[in-house]
């Protein structure tokens, strides 16, 4: 990467350096792409800025030549009024009389120049560069600005490069040398004595003269007072009820003696039963468990009844099954004889009615 040189070898050739720039500024107000022949004339930093940012934007690339965003609009208006020559296409400038250059060394490796184009209303910052891969060592364009009244005064440059070098060297020496006040030991001791006199003099004006000044730190508290204060501090927590204690002494109901005649409690039910006469207790019959003989007889009786009920259910079920099969057999016989189902049902219903009449008779 190109870096500024500490010792520029030649003065800037303004015609060769800035002549391609001025016509390009006119097109830069509308074109988003910078002209390729102009790129080697830019400093490496400005060249990268113009190449990278113009490739990702559709705005005019003139704004990339100026780092001061507040001056871009004025730069556009200034560049738009430039008039190139109809034959050569260059902007006519008297490089000997209409230009002014100031030089300033920024640090040990950077030397800048400020070129003022009075008629065109432009200021071009140039910088001396070496080891530039796109060209030989020389001056490059570092920034383009609109002309302001205080531009040169704020830049603070020198009319020649030699004066700029001398100004930089003298400024560095002035910064390195820091003046120190010459104070003797006697003067320092005198100042300390004056401070002490002022301190003690404030006590001479008090009514009680002869007293020593009070110390800045308070007197320490005795051990006895500290222990007493600590006991009093923790004593106030002795009457505080814990949060988990359900017993609240304040909620206790004091014991109040009952009214006259109600002091004795009535005897309990158990006590009354204990004092009941034996004659009254004799009439109360308590249940007693049955004997083993009566228990076995009951079990046999229950088993017999269950067996009889089982036989009855079985016989009844068999009779019902026989009746059902008989009716089905009669129905099948009727169907074989050509009797319809409705007619068969009417025959069965008629016989049932006859049976009911016979039972009623």
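Here, each number is a calculation from the coordinates, and none is a lab measurement. The structure presented is a predicted model; accordingly, all values stated were derived computationally and were not measured. Glycine gets a Cβ as well: all are built from the backbone with ideal geometry, and neighbour counts include every protein chain shown.
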With labels modelled as points extended 7 Å from the Cα through the Cβ direction, what inter-label distance (nm, one decimal) is found for residue 332 paired with residue 130? 13.2 nm
Under 17 Å from a label point 7 Å along Cα→Cβ of residue 16: give me every residue in the stretch 85-113 with its amide N that close. 95-96
Relative contact order of the stretch 14-175, pairs being alpha-carbon contacts under 8 Å that are 6 or more residues apart, as %: 22 percent
What spacing in nm lies between the two simple spin-label points modelled at residue 322 and residue 77, each 7 Å away from Cα in the Cβ direction? 13.3 nm
Quickly work out the residue 228-to-residue 313 label distance, labels modelled 7 Å from Cα along the C-beta direction, and quote it in nm with one decimal. 10.1 nm
Ranked from fewest to most other Cβ atoms within 10 Å of their own Cβ, 307, 165, 359 fall in the order 359, 307, 165
With all distinct Cα pairs included, what does the Kirkwood hydrodynamic radius of the stretch 40-137 come out to in Å, to one decimal, could you say? 15.6 Å
Could you tell me the extents of the stretch 308-360's C-alpha atoms along the three principal axes, largest first, rounded to whole Å? 45, 31, 12
For the stretch 80-126, divide the Cα radius of gyration by the Kirkwood radius and give the resulting Rg/Rh value with two decimals. 1.11
Averaging 1/r across every pair of distinct alpha carbons in the stretch 31-89 and inverting yields a Kirkwood hydrodynamic radius, in angstrom, of 12.6 Å
Fewest-first ordering of 125, 153 by Cβ atoms within 10 Å yields 153, 125
Report the full-extension gain for the segment residue 170 to residue 297: residue separation times 0.36 nm, less the Cα-Cα distance, to one decimal in nm. 31.6 nm
Arranged by the count of other C-beta atoms within 10 angstrom, fewest first, what order do 66, 129, 335 take? 335, 66, 129
Nearest 0.05, what FRET efficiency do residue 350 and residue 305 give at R0 = 45 Å with Cβ-Cβ as r? 0.60
